[in-house]
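Scroll down for the structure; my scribbles are underneath it.
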Amino acid sequence: MTHHHHRVTLGGKLSAVLVAAGSSVGLGNIWRFPYVAGENGGGAFLLIYIGCVLLLGLPIMVAEFAVGRSTRRNAVGAYHALDRRWSFIGYNSVLAAFLILGFYFVVSGWTVEYTVHSLTGELARHTTAEEYASLFERFITNPWRPLLYTLLFILATHAVIALGVQKGIERSAKVLMPLLFVILIALSIHALLMPGAGEGLRFLFYPDFSKVTASTLLTALGQAFFSLSVGIGTMVTYASYFKPDTNLRHTALNVSLLDTLVAVLAGVIIFPAVFTAGIAPTSGPSLVFITLPGIFNGMPLSMVWSTVFFLLLVVAAITSTISLHEVITAYLHEEWHLSRRAAAWLTTGATALLATLASLSLGVLGGWRIFGLTLFDALDFATANILLPLGSLFTCLFVGWKLDPARLHDEVTNGGELRFRIYGLFIFLLRWVCPIILLLVFLDNLGLY
Ligand code: TRP
């Protein structure tokens with residue numbers, strides 16, 4: 001039953017941080033965080049967000065790492081091996097990864113499309129906000145063009161997965177994550193030199209609590225979980241490849257800090273531009289695809305900056321889609337006993353089909369509704385508001401209350417080798433704080449009270 005010694009592990013200490021950060025850092029940081037922060041008052045939201053990362057995201061990430069590394073199995077196999085009655089957490093993970101990929105691949109396709117159109121000068125040909133809005137509308141409703149880019153992106157993800165854990169996932173993270181930071185820093189410096197930089201930074205960092213409402217906490221929590229990639233077994237799967245001497249809580253702390261740093265830098269890049277152009281920071285999901293191209297356009301070397309910015313989105317997105325793909329591939333490979341090759345192709349085929357339908361649901365299949373939502377929106381809603389909080393809730397209930405405490409302690413301290421001074425706090429957060437807050441968030445999301 002156990003095939004420990006056959007399983008590959010990642011190379012060094014840094015590799016664990018890089019692959020996990022590759023999963024965390026994604027469209028959630030660069031596309032979603034700035035607009036959510038923009039809609040929720042900027043600085044005050046940032047503070048609450050950081051609180052959610054430290055008090056909730058971090059303990060759950062450590063818990064997922066412990067489940068993955070102690071079993072060295074895919075998400076389903078891991079929970080099954082620990083207690084078969086809790087296997088449903090693993091199935092929820094595989095399902096959620098599949099559904100997230102359904103819309104995430106589509107948005108990833110847009111980022112490729114915008115990179116190409118920045119490069120060809122197509123984006124620079126327009127001037128007014130209305131023109132950019134209609135351009136975006138035309139991009140996403142066109143029946144075949146976004147599909148082409150989405151399929152291209154899916155095949156790129158597949159290629160990395162097909163190369164395997166070490167040659168594909170680990171090596172790509174080692175190249176792409178440093179590249180991502182170089183681009184981020186270049187764009188941040190560029191943003192800080194803009195006339196609206198002071199106002200933009202003030203908006204991002206100065207906490208104005210008058211903008212905080214009851215739903216701000218819930219929004220911040222959902223954003224933190226999505227951004228960190230916790231709750232649906234991605235970190236279980238990745239930790240199953242960690243080495244026995246990897247320090248789980250340092251890895252989780254580093255990943256959380258990097259992820260938060262990228263979100264903050266994305267804000268540093270976007271808000272100065274927004275204020276320089278005199279646009280309201282509350283323009284929502286279209287901030288990156290409609291507002292920014294127009295802003296870039298007014299600047300010298302606009303083509304270069306917008307190409308580099310959309311390339312940043314592509315890089316951030318692919319390391320995340322790789323991690324979601326791996327959740328499904330590892331499951332099919334280990335539980336269905338398919339070859340890794342066949343498992344990867346099955347995952348690619350199934351997600352390509354779902355992403356195709358999701359992409360078309362924004363255009364020609366728009367009339368086809370699920371509870372009044374397009375397939376694209378339904379996938380986003382079902383994963384972010386239902387499967388993700390549910391997965392996180394059951395993960396902390398299981399690890400906090402059901403998992404053998406000795407086994408948990410052993411795993412997070414590497415068999416007693418590492419000291420964990422705030423272990424009591426970790427357990428308290430996992431047992432009480434996380435489940436109670438998650439339950440409230442979950443009920444609120446369903447609109448049950
Ligand atoms: N965290 C990624 C982002 O910020 C997306 C992602 C990858 C994810 N794996 C996940 C989200 C698992 C939730 C759960 O874009």
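The values are calculated or read from the model by the stated rules, or taken from the named source; none is laboratory data. These numbers come from a predicted model, not from an experiment. Reconstructed Cβ throughout: ideal geometry from the backbone, glycine too, with neighbour counts over all protein chains shown. Quick note on the areas: whole protein, heavy atoms, side chains included, nothing else; ligands and nucleic acids left out. Shrake-Rupley method; radii C 1.70, N 1.55, O 1.52, S 1.80 Å.
Which whole-angstrom value gives the distance between the alpha carbon centres of region 134-169 and region 373-449?
Each part's Cα centre sits 31 Å from the other's.
Would you please give the FRET efficiency between LEU179 and LYS243, computed as 1/(1 + (r/R0)^6) with r the Cβ-Cβ distance and R0 = 30 Å, to the nearest 0.05?
Computed FRET efficiency for LEU179 and LYS243: 0.75.
How do GLU122, GLU170 rank by accessible surface area computed with a 1.4 Å probe, from largest to smallest?
Ranked list, largest accessible area first: GLU122, GLU170.
Taking the Cα centre of region 13-445 as origin and charging only Cβ (+1 Lys, Arg; -1 Asp, Glu), how large is the dipole, in debye to the nearest 20?
Dipole size: approximately 880 debye.
Using just the C-alpha positions of region 46-112 as equal point scatterers, what log10 of I(q)/I(0) does the Debye formula give at each q in 0.18, 0.23 1/Å?
-0.85, -0.95
Extending each Cα 7 Å along its Cβ direction at ARG340 and ILE436, get the distance between those two points in nm, one decimal.
About 4.5 nm, to one decimal.
What do the square roots of 5 times the Cα gyration tensor eigenvalues come to for region 358-449, in whole Å, largest first, as semi-axes of the equivalent ellipsoid?
They are 39, 16, 9 Å, listed from largest to smallest.
Could you tell me how far the Cα centroid of region 64-105 sits from the Cα centroid of region 301-336, in Å?
20
What is the magnitude of the charge dipole of region 52-114 about its Cα centre, with +1 placed on the Cβ of each Lys and Arg, -1 on the Cβ of each Asp and Glu, and no other charges, expressed in debye to the nearest 20?
340
Place the peptides 110-116, 268-274, 126-132, 44-50 in order of packing, highest mean first, counting for every residue the other Cβ atoms within 10 Å and averaging per peptide.
The packing order, highest mean first, is 268-274, 110-116, 44-50, 126-132.
Using 13 Å as the cut-off for backbone N distance, which residues of region 95-127 belong to the label zone defined by a point 7 Å from the Cα of ALA159 along Cα→Cβ?
none
Working out 0.36 nm times the residue gap between LEU148 and LEU443, then minus their Cα-Cα distance, what length gain in nm do you get to one decimal?
102.3 nm
What is the count of Lys pairs in region 13-445 whose alpha carbons sit under 25 Å apart, if the two are 8 or more places apart or on different chains?
So the count of such lysine pairs works out to 6.
What distance in nm separates the two pseudo spin-label positions at TRP401 and VAL304, each 7 Å out from Cα along the beta-carbon direction?
Calculated label separation equals 5.8 nm.
Quick one: which of 143-152, 60-69 comes out on top by average Cβ neighbours within 10 Å, and what's the full order, highest first?
So the order, starting with the most tightly packed, is 60-69, 143-152.
Hey, rough spin-label estimate for ARG125 and PHE88, points 7 angstrom out along Cα→Cβ, what's it come to in nanometres?
Calculated label separation equals 5.4 nm.
If a cysteine in the chain has no other Cys Cβ under 4.7 Å from its own Cβ, put it on the list, ordered by number.
Singleton cysteines: CYS52.
Given a 1.4 Å probe and the protein chains all in place, what does the accessible area of ASP377 round to, in Å² to the nearest 10?
Looks like 70 Å² after rounding.
Give me the mean projected area, in nm² to one decimal, of the convex hull enclosing the Cα positions of the chain.
20.4
What are the membrane-span-like helices in the chain by this rule: whole DSSP H runs, Cα extent along the axis at least 27 Å, mean Kyte-Doolittle hydropathy at least 1.0?
Helices meeting the criterion: 87-119, 171-192, 248-276, 302-335.
What residues have an amide H closer than 5 Å to that of THR413, excluding those fewer than 5 places away on the same chain, when H is modeled at 1.01 Å from N in the peptide plane?
Long-range HN contacts for THR413: none found.
In percent, how large is the relative contact order of the chain, given Cα pairs closer than 8 Å and 6 or more residues apart?
Rounded, it is 34 percent for the chain.
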